[in-house]
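A short reminder: the numbers here are calculations on the coordinates, not readings from a lab. Small disclaimer: the values here were computed from a predicted structure and weren't measured. Reconstructed Cβ throughout: ideal geometry from the backbone, glycine too, with neighbour counts over all protein chains shown.
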Amino acid sequence: MNGENSSADGLKKLRGKASLCFGEPPFILAAASVVGKKEGEGPLGECFDRIEMDSMLGQKTWEQAESELQTRTSKLAIEKSGLKKEDIRYYFGGDLLAQLIATSFGSMDLEFPMFGIYGACSTMGEAMGLGAMTVDGGFAEHVIVTASSHFASAEKQFRFPLEYGNQRPYSATWTVTGCGSVILSKRNSGGKPLARITGMTTGKIIDMQFKDSMNMGAAMAMAALDTMVQNFRDFGVNETHYDKIITGDLGQVGKRLLLDYLFKAGYDIESRYMDCGIEIFDEQTQDTHAGGSGCGCSASVLCGYILPKIRDGVWKRVLFLPTGALLSTVSFNEGQSVPGIAHAVVLEHMEG
């Protein structure tokens, strides 16, 4: 294919201001989800592949435990796909820790060419979008996408040491100890794929000048709204185009803000809306306040709960929209606000 034709084909995939429609939608061949004990005790416990009863995963530090979580989940996804490790060309991975140490150490022994991704809790959506672009563009036959978080490593970095025993406000979310991993492929390997990624909408940073790091749902809600509405406009659809619209971890506070502001904008999504952070824990019995959060929240719920529903045809078309709060300990201690971002991926059922 010459350069002129290649450029024309690329332009055909562009939709509106921020979206892509894939010419040859990548298959999601397999998915794996591994979570901690608390997550396994929640409403979705039976959906996850593995529940780790030891929060240290046999390691010496919380950070090493999260790396081990990534390693185990990635290996399980490859095993479930029926592919060999050598078939995977690229690894797209991310976490919440400084310099992505959970990902860099967790993927080291896998020996894949690696792209480290940081989108805070939106990382799974961002990484899946980039992985899908890579496969659709013909730059890889198979890629693996993984995102993780760990309650203790996140609390240690962003808030207080667990030994401190601080009280958490009701607006706070509970960082999920969990990891999700998917295998994206240009072709079906013979089994029944979980879904296809037919499109994506890349979010932009939205700063509403929130400065409360214990209320990240409020900080992220407007980013979710912005990306969702951009998706509707770019593809010329409305909320009824999707059987389910699923955000990552807005929690109870962010959910209410999102639904209220969307309704004012003319969109009523409540009957088809779900938030991973609300679903993963039981609000009445697990004392997680506003719900769950972390890169591993939407990633594990996607792999354990959402993708099987799409595979079975319960949902034919889903807008998966993880959200992220883009703060660091440095920015917070310097008095800066907590901007938000959200990345959307369109997932569709495969007939037959």
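Simple rule: put +1 on each Lys or Arg Cβ and -1 on each Asp or Glu Cβ in the range 3-185, find the dipole, and look at Met124, Phe158, Ser185; the Cα lying farthest toward the positive end is Phe158. The mean sequence distance of close C-alpha pairs (under 8 Å, at least 6 residues apart), as a share of the length of the range 3-185, puts its relative contact order at 28 percent. Computed on the chain, with alpha-carbon pairs under 8 angstrom and 6+ residues apart, the relative contact order is 25 percent. Dividing the radius of gyration of the alpha carbons in the range 3-185 by their Kirkwood radius gives 1.02 for Rg/Rh. The residue among Met133, Ser148, Thr173 whose Cα reaches farthest toward the positive pole of the charge dipole of the range 3-185, with charges on the beta-carbon of Lys, Arg, Asp and Glu, is Thr173. For the chain, the Kirkwood hydrodynamic radius from C-alpha pairs, put into Stokes-Einstein at 4 °C and a viscosity of 1.567 mPa s, yields a diffusion coefficient of 65 µm² per second.
Placing unit charges on each Cβ (+1 for Lys and Arg, -1 for Asp and Glu) gives the chain a dipole about its Cα centre, and among Ile51, Leu302, Gly277 the Cα reaching farthest toward its positive end belongs to Leu302. Which values of log₁₀ I(q)/I(0), to two decimal places, follow from the Debye formula for the range 195-348 at q = 0.12 Å⁻¹ with a uniform point scatterer at every Cα? The computed values of log10 I(q)/I(0) come out as -0.48. Relative contact order of the range 53-143, taken over Cα pairs closer than 8 Å and 6 or more residues apart, is 29 percent. Footprinting exposure proxy ranking of Thr329, Thr134, Thr73, fewest other C-beta atoms within 10 angstrom first, gives Thr329, Thr134, Thr73.
Residue order for Glu239, Glu41, Glu68, fewest other beta carbons within 10 angstrom first, comes to Glu41, Glu239, Glu68.
Just rank Glu334, Glu66, Glu283, Glu126, fewest to most, by other beta-carbon atoms within 10 angstrom.
Result, fewest neighbours first: Glu334, Glu283, Glu126, Glu66.
Under the combined filter of DSSP loop state and at most 10 neighbouring Cβ atoms within 10 Å, the range 72-112 retains these trypsin sites (Lys or Arg not before Pro): Lys84.
Straight Cα distances below 26 angstrom link Lys60 to the lysines Lys37, Lys38, Lys75, Lys156, with same-chain residues fewer than 8 positions distant left out.
Between Lys85 and Ser55, the FRET efficiency estimated from the beta carbon spacing at R0 = 25 angstrom works out to 0.35. A straight line joining the Cα centroids of the range 199-272 and the range 22-48 runs 22 Å.
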